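Chemist: What follows is a structure written as structure tokens; I'll ask about it next.
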Amino acid sequence: MTLQGWALIALFAALVGLTVRPLGGYIAAIFNGTHAPPRPLGPLERGLYRLAGIDPAAEQGWLAYATALMCCHLAGIVLLYALQRLQGLLPLNPGQLSAVSPDLALNTAVSFATNTSWQSYGGETTLSYVVQMAGITVQSFLSVASGMAVAIALVRGLARRESATIGNFWVDLTRATLYVLLPICSVIGLFLVWQGVPQTLGATVAATTLEGAHQLIARGPVASQEVIKLMSGDGGGFFNVNSAHPFENPAGLTNLVEMLLIFLLGAALTNTFGRMVGNERQGWVLLGVMAVLFTAGIAVVYAAEASGNPNFAALPIDQTAGTLQSGGNMEGKEVRFGIASSSLFANVTTDSSDGAVNAMLDSYAPLSGLVLMANMMVDEVIVGAPGSGLFGILLFAIVAVFVAGLMVGRTPEYLGKKITATEVKMTMLALLAVPAAILGLTAVASVLPAGLAGLSNNGPHGFSELLYAYTSAGATNGSAFAGLSANSPFFNLSLALGMFIGRFMVIIPVLAVAGSLAAKRGVPVSAGTLPTDSLQFAGLLIGTILIVGGLTFFPALALGPLAEQLNAGSLY
Amino acid sequence: MILDLIMVALVLTAVAGAIAYARACSQLIQDDRQALK
């Protein structure tokens, strides 16, 4: 590890911290309707409602909210599926790419509608520009906007008293897209173009290399997809190697900006939460918990990667950092990014549900792989995707106050609401959906020939490849461990099922909790109320997250990355 | 074409299942409220 590496990590954390309050306040004002819509977006918003026949003043109960969300994503899945199947007949297809196979098209459609962006394909060789722009990019916007809408609905449920409604899904979706996502994407998109990211409808370029070889250089409308790819928690790259490709991530500066984009909204939403419930400290506590878990993760991964490959210890290989080499485990990493930046990116992307990568995770040390999987397995509450990270950690907060209530024999309360059996049942349904999808599907794939056929490694590493794939799907992350040949009907369909469960079987109980809490009257703070804006509660929340995640997934992790690390003969 | 119909049917079934799941959650909440009265 180097001082420069830690300085980069500290700079990144500081920059994220600086954006939390202003952006969180802006988002709160947008969803509270207290921020005057900027021109020309205000008239555009009203025009969209008129066009769709939506009364923005008409709020919905949680069931109507959930039904609207499901209808929205049903349309998104069908549209993206149709675009892929018909791409051979559609314009903006200079590579003359043919229709995507049905199972791959379904996997991709579900993947982007669920904010996962698992990719069983290479973007530049599979999808035409019209599918990338009108399909992938549009779903990236809609999936993150709906995640933010769900989180805001849950916060309203906590903030409101004796209310039958939690907001209007269509209004929340529109406001998130128009006032939060589009402005940021427009500005940062231009920045990326300035830094060298292509934005063109021109075809692949044929080039002759210095050695005289012929090479096809893929390009396309990359910059417009790149920003929402990162900011949405989606992570689906235009190119197969994602942010390791110089056209997606050309330089150290873009690498830093890309990591910031991944955490930008998820971190800011904690402040939005604090403001909407009338106590910003509540939001800082959640952000503090995320920061502690993030720091622990990056410390382990950076140390593991910087210490190099233990299998090389007996060989005449110098793995120490020096002026001429970065040292450590550089397999699968871009030389221009190095150990610290790659380790940070991998942590950020698995903490956040984004799934973009700037290095190949299959080549990370097993201990790093364990941490990256664990980041996703704790329901991606370490910042998380915009919206899903916030409602995920709020679910754990409900479990934490419930556990605290059990310990003192008192009905648990959170933010002035009594937490009763209904909320605990719904919370557990949401929290169990992801492990059920991950562990159930991994178990099935581990014994079926169709699952084993995709592996390129045996033993613990092969198991890690399977576990990582279903973890990535179930936690709606989308990053790939690599090494798994996932473009087969079995993997395409089973991963699609994992993504569907991991997204919607969580969102529905979350909205049920929101509706149930909104209907309750408030209870006054008393001497017996557990203060949830304290360090004590932060510690309880960290313990709850680690124990629930640890107890659920430790056996699977022991069979995969932990066994592999111990086989290597050393923990570091 | 048949595969396309199967895929669309799978999606419709999954979404219908999710909405039915939401309704079951709603019923559970109502049952809990009744039990508390």
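Chemist: Count, for each residue of A:93-105, the Cβ atoms from other chains sitting within 10 Å of its Cβ, then give me the mean as a whole number.
Modeler: 1
Chemist: With r as the distance between the Cβ atoms of A:Asn32 and A:Ala206 and R0 = 56 Å, compute the FRET efficiency 1/(1 + (r/R0)^6) and round to 0.05. Write out the running numbers ahead of the final one.
Modeler: Details: r = 54 Å, r/R0 = 0.96.
Efficiency, rounded to the nearest 0.05: 0.55.
Chemist: Run the simple label-point estimate for A:Arg21 and A:Val335 please: 7 Å along Cα→C-beta, distance reported in nm.
Modeler: 4.4 nm
Chemist: If amide H atoms are built 1.01 Å from N in the plane of the peptide, which residues on other chains or at least 5 residues away come under 5 Å of the amide H of A:Leu484?
Modeler: Amide H neighbours of A:Leu484, under 5 Å, 5+ apart: none.
Chemist: Nearest 0.05, what FRET efficiency do A:Leu44 and B:Val8 give at R0 = 35 Å with Cβ-Cβ as r?
Modeler: 0.65
Chemist: Running Debye on the protein assembly as shown with equal point scatterers at the Cα sites and no solvent, what base-10 log of I(q)/I(0) appears at q = 0.05, 0.08 Å⁻¹?
Modeler: So the normalised log intensities work out to -0.20, -0.52.
Chemist: Something else: What is the distance in Å between the Cα centres of the stretch A:268-292 and the stretch A:211-236?
Modeler: Taking the Cα centre of the stretch A:211-236 as reference, the centre of the stretch A:268-292 is 34 Å away.
Chemist: Work out from phi, with θ = phi - 60° and the Karplus expression 6.51 cos²θ - 1.76 cosθ + 1.60, the ³J(HN,Hα) of each residue of the stretch A:441-453, listed in order in whole Hz, and give x for Gly and Pro.
Modeler: Rounded to whole hertz, the list is 6, 4, 4, 4, 5, 6, 10, 7, x, 5, x, 5, 5.
Chemist: Counting only helical runs of four or more DSSP H residues, what would the 222 nm mean residue ellipticity of chain A come to if each run contributes -39,500 (n - 2.57) and the total is spread over all its residues?
Modeler: Mean residue ellipticity at 222 nm (helix-derived): -20000 deg cm²/dmol.
Chemist: Between the stretch A:416-473 and the stretch A:1-46, what's the alpha-carbon centroid distance in Å?
Modeler: 32 Å
Chemist: I need the peptides A:382-395, B:17-30, A:511-524, A:448-461 ranked by packing, meaning the mean over residues of other C-beta atoms within 10 angstrom, with the highest value on top.
Modeler: Put in order of decreasing packing, that is A:382-395, A:511-524, B:17-30, A:448-461.
Chemist: How many percent of Cα pairs in the stretch A:138-230 exceed 17 Å?
Modeler: Cα-Cα pairs in the stretch A:138-230 separated by more than 17 Å: 64 percent.
Chemist: Right, next: So what's the gap between the Cα centers of chain B and the stretch A:486-538, to the nearest angstrom?
Modeler: Chain B and the stretch A:486-538 have Cα centres separated by 17 Å.
Chemist: Can you work out ³J(HN,Hα) from phi for every residue in the stretch A:496-501, in order, using Karplus 6.51 cos²θ - 1.76 cosθ + 1.60 and θ = phi - 60°, giving whole Hz and x for Gly and Pro?
Modeler: Result, rounded to whole Hz: 4, 4, x, 5, 5, 5.
Chemist: For B:Ala20 and A:Asp55, what does the FRET efficiency come to when R0 = 35 Å and r is the distance between their Cβ atoms, rounded to the nearest 0.05?
Modeler: 0.80
Chemist: Each label point is 7 Å from the Cα along the Cα-to-Cβ direction; what then is the distance between the points at A:Thr320 and A:Ala75, in nm?
Modeler: Label at A:Thr320, label at A:Ala75, 6.3 nm between them.
Chemist: Once the Cα gyration tensor of the stretch A:446-493 is diagonalised, what are the square roots of 5 times its eigenvalues, in whole Å and ordered largest first, as equivalent ellipsoid semi-axes?
Modeler: 15, 13, 9
Chemist: Peptide A:410-422: average number of partner chain Cβ atoms within 10 Å per residue?
Modeler: Working: counts 0, 0, 0, 0, 0, 0, 0, 0, 0, 0, 3, 4, 9.
Partner-chain Cβ atoms within 10 Å, mean over residues of A:410-422: 1.
Chemist: Follow-up. Pull up the cross-link candidates among the lysines for A:Lys333, meaning alpha carbon to alpha carbon under 22 Å and not fewer than 8 places away within one chain.
Modeler: By straight Cα distance, A:Lys333 reaches A:Lys229.
Chemist: While we're on this one: Check cross-link reach from A:Lys425 to the aspartates and glutamates: straight Cα distance under 13 Å, and skip same-chain residues fewer than eight apart.
Modeler: B:Asp31, B:Asp32
Chemist: How much accessible surface does A:Trp118 have with a 1.4 Å probe, in Å² rounded to 10?
Modeler: Looks like 10 Å² after rounding.
Chemist: Now, a different point. Provide the per-residue ³J(HN,Hα) series for the stretch A:197-203, in order, calculated from phi with Karplus coefficients 6.51, -1.76, 1.60 and θ = phi - 60°, each as a whole number of Hz, with x at glycine and proline positions.
Modeler: Along the stretch A:197-203, the couplings run 7, x, 9, 8, 9, x, 7 Hz.
Chemist: Need the list of aspartates and glutamates near A:Lys520 for cross-linking: C-alpha distance under 12 angstrom, and skip anything on the same chain fewer than eight residues off.
Modeler: A:Glu162, A:Glu413, A:Glu423
Chemist: What is the average number of partner chain Cβ atoms found within 10 Å of a Cβ in B:11-18?
Modeler: The per-residue average across the peptide is 6.
Chemist: A further question follows. Check A:Tyr414: other-chain or 5+ apart residues with amide H under 5 Å from its amide H, H built from backbone geometry?
Modeler: Amide H neighbours of A:Tyr414: A:Ile419.
The values are calculated or read from the model by the stated rules, or taken from the named source; none is laboratory data. It should be emphasised that the depicted structure is a prediction, and the values quoted were computed from it without experimental measurement. Heads up, the Cβs are rebuilt from the backbone with ideal geometry, glycines too, and the neighbour counts pull from every protein chain shown. Heavy atoms of the whole protein, side chains included, go into the accessibility calculation; ligands, DNA and RNA do not. Shrake-Rupley method; radii C 1.70, N 1.55, O 1.52, S 1.80 Å.
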